[in-house]
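The values are calculated or read from the model by the stated rules, or taken from the named source; none is laboratory data. Computed from a predicted model, the values in this text were never measured in an experiment. Reconstructed Cβ throughout: ideal geometry from the backbone, glycine too, with neighbour counts over all protein chains shown. Accessible surface areas use protein heavy atoms only, side chains included; no ligands, DNA or RNA. Shrake-Rupley method; radii C 1.70, N 1.55, O 1.52, S 1.80 Å.
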Amino acid sequence: NAGVTQTPKFQVLKTGQSMTLQCAQDMNHNSMYWYRQDPGMGLRLIYYSASEGTTDKGEVPNGYNVSRLNKREFSLRLESAAPSQTSVYFCASSETTSDRSLTDTQYFGPGTRLTVL
Amino acid sequence: KNEVEQSPQNLTAQEGEFITINCSYSVGISALHWLQQHPGGGIVSLFMLSSGKKKHGRLIATINIQEKHSSLHITASHPRDSAVYICAVPEGGADGLTFGKGTHLIIQP
């Protein structure tokens, strides 16, 4: 099993350009997440998807859109990149209990290092 | 929103020392996560615990739900334990995690 995979690993954009970060998991997990990690800030939740076809905003959703294409894939799109979106982006997945009372162990992808000039 | 505080922020120790990293949070939770971020950037889940203590190899995690506090201990520390250790708590049920800022641990030979 590959676990959680992310593409690309590195990306440099100019301000105003758009791009999509791809994430896929092969563990048949219901829940998937996008986080960003900035120096001195810790990881912060951008968007999450509790199941196929549903998405919800996290702590820092502005400037991003997401798509839960199917159970395996969860993509993050930057429509018009800004320097403030320079960060390392992590995708994660977990198997959440049916009553959503407990977040199970989260499995992380290797991350995408994005620089916006 | 749950506030998660870790201490210390940075810790340098000699090989073999007993290490303790602390985590406190502001709002009651169902479980707490400890994660390890390798120098290369990868993040691995170490523990998820809702009460008492869990042990995996040289790593021990404890939690006191009443005091809203958890500790991660490393016995017989080794340079390969050098990493950032992060605690995290569920935010709003199963909707993602809120993370502490991490403890940067360096174990010197």
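For chain A, a Gaussian network of Cα nodes joined below 10 Å ranks A:53, A:42, A:16 by mean-square fluctuation, and the top entry is A:42. Could you list log10 I(q)/I(0) for chain A at q = 0.10, 0.18, 0.19 Å⁻¹, which the Debye formula gives when each Cα is one point scatterer? Cα-only, vacuum Debye calculation for chain A: -0.27, -0.86, -0.96. Taken across both chains, chains B and A shield about 1700 Å² of accessible surface from a 1.4 Å probe.
May I ask which of A:14/A:57; A:9/B:54; B:1/B:54; B:55/B:101; A:9/A:57 have a Cα-Cα span longer than 32 Å here?
A:9/B:54
Projecting the Cα positions of A:116, A:75, A:53 onto the charge dipole of chain A (unit charges on Cβ atoms of Lys, Arg, Asp and Glu, taken about the Cα centre) puts A:116 furthest along the positive direction. When only alpha carbons are used to place a centre, segment A:26-99 and segment B:1-66 end up 23 Å from one another.
Rounded to the nearest 20 debye, the dipole size of the protein assembly as shown about its Cα centre is 300 debye, using +1 on the Cβ of Lys and Arg and -1 on the Cβ of Asp and Glu.
Under Stokes-Einstein, with the Kirkwood radius over Cα pairs as Rh, the value for segment A:16-84 at 10 °C and 1.306 mPa s is 127 µm²/s.
The Cβ shell under 15 Å around residue B:77 holds other residues with a net charge of -1, Lys and Arg each +1, Asp and Glu each -1.
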